[in-house]
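Working notes, structure below.
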Protein chains: 2
Amino acid sequence: MRILLVGASGTVGTAVAGALAPHHELIRAGRHSGDVRVDLTDIASVERMYQEAGALDAVVTTAGHVHFGMLEETTPEQFMSGLQDKLMGQVNVVMAGIKHLRDGGSFTLTSGITAAEPIRLGTNATTVNAAIEGFVRAAATELPRGLRINAVSATLLTESLDSFGPYFPGFEAVPGERVGQVYRRSVEGVGTGRVYTIWQ
Amino acid sequence: MRILLVGASGTVGTAVAGALAPHHELIRAGRHSGDVRVDLTDIASVERMYQEAGALDAVVTTAGHVHFGMLEETTPEQFMSGLQDKLMGQVNVVMAGIKHLRDGGSFTLTSGITAAEPIRLGTNATTVNAAIEGFVRAAATELPRGLRINAVSATLLTESLDSFGPYFPGFEAVPGERVGQVYRRSVEGVGTGRVYTIWQ
């Protein structure tokens, strides 16, 4: 398959690339690196990404930031930033991408364990990830031409323990290699409207 | 209790007022009517609402719009409008309201059945309602002074059959009177981080 991987340089993106590259042709997209540069919060930039990428069988997004902080100290702008970046960024990829995917193609989005398991300072993360999972459930019901859409919700990756471990006390990390395989299951499988979880 | 009801003039708000008014002191807020006028998408307006409302034991929000339409024809601006109105409007009420609620007070937000049951043209609704439920799950873990937060997710109200019935084929409607009681259960009960569902 020809697969567009958005957020290819991140920790999850690297794991996904490792799982997919041996079997498929990957086009890597990112804000600052990759075959194609893209700002997911700008729909015109997303459209240009698809023009440059050409015909595709699958799109995988692993990009997006959320805001971490105490709710009482969070400003509306900070809360919105997570909605605009991780949620709307991925929504833009889907809305603009429908017409660029070949029949039977798929979108695989990234949510996260905080959708199900809130963590300290993580209200924005839970909100954004729950929204992504709702989006996937609903979008699956109306995609044309046999297109599929799923989300992958992973716990902390072993490779991210140094940077994010303190946010996830008592959570067992999983190796990126295992996480990458779950994305491969979404891309090459038959499921749609699913949230594939990966945690211990 | 002194209870602020935001969105008091809507169909759900009218049902909630009917359930709460016999037992409590209600301060009604709305965009175009009520004791206090408020634009929930403007945090300064939300702050003014709380200044005018005075000390409160509970806040109930039943306000907010989402976008209905085919995903492929939806613009990012239309999709964002639902996030800004129904989601961020209620998030603003909570973020600004924490310091105005008396110890042990509560927030009751409104999501909707589409969080669990996608409907045609309703991807934005499912996304927004799922986000609200995620927000409630996470915010409950960090509210101070015994404050509680829940969401109510109702199906179509009997009173809304004329306007929204065509969007919900085969869904049984419930009378507003029953829906109002579920809000009362959230306000006067002990639950927090809960989504109280009401459908057949």
message: Between 0 and 90 degrees, rounded to the nearest ten: what's the tilt of helix B:43-53 against the longest Cα principal axis of chain B?
response: 50 degrees
field: Note, ³J(HN,Hα) from phi for region B:127-138, Karplus 6.51, -1.76, 1.60, rounded to Hz, x at Gly and Pro
entry: 4, 5, 5, 5, 5, 4, 5, x, 4, 5, 4, 7
message: Just to confirm the number: angle between the C-alpha axis of helix B:11-20 and the first principal axis of chain B, 0 to 90 degrees, nearest 10?
response: 30 degrees
query: Averaged over all directions, how much area does the convex hull of the C-alpha atoms of chain A cover when projected, in nm²?
result: 10.4 nm²
message: Show me, for region B:90-97, the HN-Hα J-couplings you get by feeding each phi into the Karplus relation (A = 6.51, B = -1.76, C = 1.60, θ = phi - 60°), rounded to Hz, glycine and proline as x.
response: 6, 4, 4, 4, 6, 4, 7, x
message: Using a 10 Å cut-off around each Cβ of peptide B:77-85, what is the average number of partner chain Cβ atoms that fall inside?
response: 3
query: Hey, what do the phi angles of region A:155-164 turn into as Karplus ³J(HN,Hα) couplings, whole Hz, using 6.51/-1.76/1.60 and θ = phi - 60°, x for Gly and Pro?
result: 7, 4, 8, 3, 5, 9, 4, 5, 8, 10
- line: Counting only protein heavy atoms and rolling a 1.4 Å probe, one gets per residue an accessible area for region B:1-96 in Å² of 39 Å²
- line: Taking protein heavy atoms only, a 1.4 Å probe, and rounding to whole percent, the accessible area of region A:2-198 owed to carbon and sulfur comes out at 49 percent
- prompt: For A:164-171, what's the mean count of beta carbons from other chains sitting within 10 Å of each residue's beta carbon?
  reply: 0
Chain B, helix-only ellipticity at 222 nm - DSSP H runs n ≥ 4, -39,500 (n - 2.57), divided by all residues, nearest 500: -10500 deg cm²/dmol
message: Quick check: net charge around residue B:70, other residues with Cβ under 13 Å of its Cβ, Lys/Arg +1 and Asp/Glu -1?
response: -1
- prompt: How far, in nm, would the chain grow between residue A:45 and residue A:162 when pulled straight, counting 0.36 nm per residue and subtracting the alpha carbon separation?
  reply: 38.9 nm
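The values are calculated or read from the model by the stated rules, or taken from the named source; none is laboratory data. Here the structure is a predicted model, which is why all the values come from computation and not from measurement. As a convention, Cβ positions derive from the backbone with ideal geometry for all residues, glycine included, and neighbour counts pool all protein chains shown. We work out accessible area using only protein heavy atoms, side chains counted, and drop any ligands, DNA or RNA first. Shrake-Rupley method; radii C 1.70, N 1.55, O 1.52, S 1.80 Å.
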